[in-house]
1. What's the angle, to the nearest 10 degrees (0 to 90), between helix 50-73's Cα axis and the longest principal axis of the chain?
2. Can you order the peptides 53-65, 36-48 by their average number of other Cβ atoms within 10 Å per residue, highest first?
3. Take the solvent-accessible surface of the protein heavy atoms, probe 1.4 Å, and return the percent of it on the chain that carbon and sulfur atoms account for.
4. If you count only protein heavy atoms and use a 1.4 Å probe, how large is the accessible surface of His69, to the nearest 10 Å²?
5. Roughly how many Å² is the accessible area per residue of the chain, as a whole number, for a 1.4 Å probe?
6. When N counts the residues of the chain, how does its alpha-carbon radius of gyration compare numerically with 2.2 N^0.38 Å, as a ratio?
Amino acid sequence: MNPGGSAGRESLVAPKPDVARVWRRWEARFVGIGLDYNLLVKLKAAIADWDDWCRAFSAEAADLEAFGHDAMARGHSLTAAEAWSTAVVLYHL
């Protein structure tokens with residue numbers, strides 16, 4: 001045991017998930033919870049590596065959040081609610 005060194009720490013770091021495998025497992029579930037398939041295709045194209053996952057989902061969520069604010073300002077409350085509810089899901093994923 002080496003309390004001050006870094007030996008053995010590598011084993012504590014989980015390997016990055018394979019993005020293609022994650023999509024195969026979760027894509028149908030994402031559609032099942034109501035995410036638009038075209039949005040998922042867009043995200044799939046933007047995510048080449050696990051490190052891209054959070055950035056891509058968060059960027060799309062931020063765009064939808066802003067769209068929701070614009071829609072609400074124009075009096076389109078249903079459109080705003082739909083954009084915001086999708087943004088919430090994307091921020092969660």
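1. 20
2. So the order, starting with the most tightly packed, is 53-65, 36-48.
3. The value for the chain is 59 percent carbon and sulfur by accessible area.
4. His69 exposes around 100 Å² with every protein chain in place.
5. On the way: 6610 Å² over 93 residues.
Each residue of the chain exposes 71 Å² on average to a 1.4 Å probe.
6. Cα Rg divided by the expected 2.2 N^0.38 Å: 1.47.
The values are calculated or read from the model by the stated rules, or taken from the named source; none is laboratory data. The shown structure was predicted, so the numbers you read here are calculated from the model rather than taken from an experiment. Backbone-built Cβ (ideal geometry, glycine too); neighbour counts: all protein chains shown. We work out accessible area using only protein heavy atoms, side chains counted, and drop any ligands, DNA or RNA first. Shrake-Rupley method; radii C 1.70, N 1.55, O 1.52, S 1.80 Å.
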